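The block underneath contains the structure these notes are about, expressed in structure tokens.
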């Protein structure tokens, strides 16, 4: 198993990076519905895919958070994206495979992925 | 219905976070000779009174106000009982709650454990201020992950940082592999 010494090395690497990160704000919020309905429908891999993809791209202005039931259990896994000055966008029936498209198109290039939204599903 | 036991663990342990727990202990112990898998989730949260404990296994009871159903605990209970196992909750107001489930290890209806590392890290990610202890054992082989030890090493860095979560997930997966591939 990985050792505490490896964690210390990771800490030292991260502390150097944190000095850069502290100067930027988490102004975009990605909120994943993680109630029983969301978890049963597959929200865990979706959440982890967002965390991994955002970290891979080094997006410092995005915060991924979890919430309870978003209210339409049959459309889970659901994710809300909140950007400053924009209307909230709700994505539905997500899978981990759809996440890189949302990150690249919406979070980076500010283009909503309309075919994945609640408006397209309903 | 959850497809993996690790998703049940995630769902039930999230109740502990909601209950204001600062320490949540998750135990997964398999005994192949006894053909038993025991899962426990113990917290030091706000606890429940006797009347509430009796009602939490009822799918039509919830503390939520947005819905009239609460399926997390009933799902977990059903998953245990359909393998010939058992389910119990002990709770005291102000002291905490312990949820214990016993499964028939090789029962055909026992769900696979699934990605326990992902569940553990999904719990940590939004709750870096809460401490979690995972104890995992298959017969005589086992390991413990205690976030209090990591916190001391990280010197103020958040346990919810993606790099830290990836480290912990890999540590759990390695530990499970060393226990004969896990259950």
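If you bin every alpha carbon distance in segment B:5-178 into 5 Å steps from zero, what whole percent lands in each bin?
Reading upward from the zero bin: 2, 8, 17, 21, 20, 16, 11, 5, 1, 0.
Round to the nearest 0.05 the FRET efficiency obtained for residue B:135 and residue B:86 when R0 = 22 Å and r is the Cβ-Cβ distance. Don't skip to the end; give the middle numbers.
Details: r = 20 Å, r/R0 = 0.90.
Efficiency computed from Cβ-Cβ geometry: 0.65.
Could you put B:158, B:119 in order, starting from the residue whose Cβ has the fewest other Cβ atoms within 10 Å?
On the way: B:158 15, B:119 27.
With the fewest neighbours first, B:158, B:119 line up as B:158, B:119.
Counting only helical runs of four or more DSSP H residues, what would the 222 nm mean residue ellipticity of chain B come to if each run contributes -39,500 (n - 2.57) and the total is spread over all its residues? Present the calculation step by step, with values, prior to reporting the outcome.
On the way: 6 runs with 64 residues, N = 183.
Value at 222 nm, helices only: -10500 deg cm²/dmol.
Taking 7 Å along the Cα-to-C-beta vector as the label spot, tell me the residue A:118-residue B:18 distance in nanometres, rounded to one decimal.
Distance between label points: 1.9 nm.
What average number of partner chain Cβ atoms lie no more than 10 Å from the Cβ of the residues making up B:7-17?
On the way: counts 6, 3, 0, 5, 8, 1, 0, 6, 1, 0, 1.
Going residue by residue through B:7-17 and averaging, the value is 3.
Starting from 0.36 nm per residue, how many nanometres of slack lie between residue A:2 and residue A:111 once their C-alpha separation is accounted for?
Working: separation 109, 0.36 × 109 = 39.24 nm, distance 4.03 nm.
Length gained between residue A:2 and residue A:111: 35.2 nm.
Rounded if a/c is under 1.5, else prolate if a/b is larger than b/c, else oblate: which is the protein assembly as shown, with a ≥ b ≥ c the root eigenvalues of its Cα gyration tensor?
Verdict is oblate for the protein assembly as shown.
As a test, work out the antiparallel percent of DSSP beta bridges whose residues both lie in chain A, rounded to the nearest 5. Intermediate results must be reported in sequence, preceding the final value.
Values: 8 of 14 bridges.
Antiparallel bridges make up about 55 percent of those DSSP assigns within chain A.
Can you give the mean number of other chain Cβ atoms that lie within 10 Å of the Cβ atoms in peptide A:32-38?
On the way: counts 3, 0, 7, 8, 18, 5, 1.
Mean shielding by partner chains, rounded to a whole number: 6.
Suppose a student asked you for the relative contact order of chain A, using Cα pairs under 8 Å spaced at least 6 residues apart; what percent would you report?
Working: 170 pairs, mean separation 31.9, N = 122.
In percent, rounded to a whole number, it is 26.
Using alpha carbons only, how many degrees (0 to 90, rounded to 10) separate the axis of helix A:4-21 from the longest principal axis of chain A?
Its long axis makes an angle of about 70 degrees.
Please figure out what share of the DSSP beta bridges in the protein assembly as shown is antiparallel and state it in percent, rounded to the nearest 5.
Around 75 percent of the beta bridges assigned by DSSP in the protein assembly as shown are antiparallel ones.
Read-outs throughout are calculated quantities, based only on the coordinates presented, and are distinct from any laboratory measurement. Since this is a predicted model, take the numbers as computed values, not measurements. No Cβ is skipped: glycine too gets one built from the backbone with ideal geometry, and neighbour counts run over all protein chains shown.
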